[in-house]
Structure formats: structure tokens, C-alpha cells
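Trainee: Quick one: this structure, given as C-alpha cells, is what I'll be asking you about.
The values are calculated or read from the model by the stated rules, or taken from the named source; none is laboratory data. Treat the numbers as computed from the prediction; the structure is a model and nothing was measured. Counting neighbours? That spans all protein chains shown, and the Cβs are built from the backbone with ideal geometry, glycine included. Surface areas here come from the heavy atoms of the whole protein model, side chains and all, with no ligands, DNA or RNA. Shrake-Rupley method; radii C 1.70, N 1.55, O 1.52, S 1.80 Å.
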Amino acid sequence: SELLQTAATICKDVLQNRVQSPWRASALAYELTMSLASEAFPGEHAQDRAQQRSPAMQRAIDLARSVTREPVRVEHMAAAAGYSRYHFSRLFRTSEGLTPEQFLIQQRLRQAARLLQSTQEPLKVIAPQCGFADVAYFSRAFRKGFGMWPGAFRKAAMYRG
């Protein structure tokens, strides 16, 4: 995969002492982080899908992307699209390349990343704002999605989305 090729190239550069400056090391770390994010969020580069997406599916996605106090659930997305949860989940996976649950986690993690970078709110405040009832689960999901813990992410200040 592209991720493994990127990681292997970076490891090779490090092992062969080709990384001579902190700026180069930072650039390589950023490149690896973006490769990890691309793997974690496979549907993100599918701009063609947006043009081919049905109006019903677009309504569901618009609902999921809306920032509300109450977290959006798959049932809400299915209702917005006018389908049963089961049928909607099948159609969504075919249309978007990931499950509705994965898509919702992506949206919540993106919102969390924005809040981590733009506020100093503690995780116990950010997690519920992004639809995570448990801070520990939020932290694990964030690490899985971004390849680092939320605190390290906040310190790295790399997110721009």
C-alpha cells in the first residue's frame, strides 16, 4: 500500500542518516501522518462521488456534517435519506466506500481535531461536544484515526481541515 511504501522510505532515510535537519524530520513526520490519515479516512479523496451522489444520500451526508449539540446517528441519516437503516447502510457503503458508522466517526474526529487546535478546552469537554460519551473511548478513537493521542495532536498543531 501507499502507506507502507511511505513508511518504508522514511525508515530507510532515517537508517541511512539522510535526515540531517529538524525541518526535514518534521516534513517526513507530516508526510507519514497524512498517509495514515488517508488510510484512516478512505472516502475523503472521492470527489467524483459527490457529483454522482443521489439527492437522498446527499441529504444524509449533509445532516452528518451539520454541527449540532446532539450527535447524529445512523438512524437519523437513514431517515433523512428516506430509507430503512439496513437498506441505507448498504447503499451508503456502496456509494461512499465506507459504512455510515465509519463516516460518522470521521466527522466527529474532524470536529474534535478542529476544537483541539482552536481551543484550550480539556478533553472531557471536547469529547461530548463531538459525540463521544467517554473520554477514554474518544482518546482511543482519535489515536486510531490520527495516529497520535489528542494531547500530542494539540501540541503538534498540524491539522488544517
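Trainee: Which of the numbered conditions does Ile126 fail, given that it passes all the others? Conditions: (1) of a type outside the set (Ser, Thr, Tyr); (2) crowded, with 17+ Cβ neighbours inside 10 Å; (3) out of contact with any Ser or Thr (no Cβ under 8 Å at 6 or more places or on another chain); (4) closer than 20 Å to Val72 by Cα.
Mentor: Failing condition for Ile126: (3).
Trainee: Which of (1) modelled with pLDDT of 90 or more; (2) open to solvent by 70 Å² or more (accessible area, probe 1.4 Å) does Thr99 not meet, given it meets every other one?
Mentor: (2)
Trainee: Every residue in segment 39-57 that is at pLDDT 65 or above, closer than 24 Å to Ala112 by Cβ and either open to solvent by less than 70 Å² (accessible area, probe 1.4 Å) or in a loop (DSSP other than H, G, I, E, B) (or both), please.
Mentor: Those that are at pLDDT 65 or above, closer than 24 Å to Ala112 by Cβ and either open to solvent by less than 70 Å² (accessible area, probe 1.4 Å) or in a loop (DSSP other than H, G, I, E, B) (or both): Ala40, Phe41.
Trainee: Let me ask something additional. Of the residues in segment 131-147, how many are of a type in the set (Phe, Trp, Tyr) and open to solvent by 10 Å² or more (accessible area, probe 1.4 Å)?
Mentor: Initially, segment 131-147 is screened for residues of a type in the set (Phe, Trp, Tyr), giving 132, 137-138, 142, 146.
Keeping just the survivors that are open to solvent by 10 Å² or more (accessible area, probe 1.4 Å) gives 137, 146.
So the count comes out to 2.
Trainee: Take Gln120 and decide whether it is among the polar types (S, T, N, Q), at pLDDT 90 or above and open to solvent by 80 Å² or more (accessible area, probe 1.4 Å).
Mentor: yes
Trainee: Go through segment 75-101 and give me each residue that's in contact (Cβ under 8 Å) with a residue 12 or more places away in the chain and either under 26 Å from Ala127 (Cβ atoms) or among the aliphatic types (A, V, I, L, M) (or both).
Mentor: If we filter segment 75-101 for residues that are in contact (Cβ under 8 Å) with a residue 12 or more places away in the chain, which is where we start, we get 76-78, 80-83, 88-89, 91-92, 95-98, 100-101.
Of everything in segment 75-101, those that are in contact (Cβ under 8 Å) with a residue 12 or more places away in the chain and either under 26 Å from Ala127 (Cβ atoms) or among the aliphatic types (A, V, I, L, M) (or both) turn out to be His76, Met77, Ala78, Ala80, Ala81, Ser89, Leu91, Phe92, Glu96, Leu98, Pro100, Glu101.
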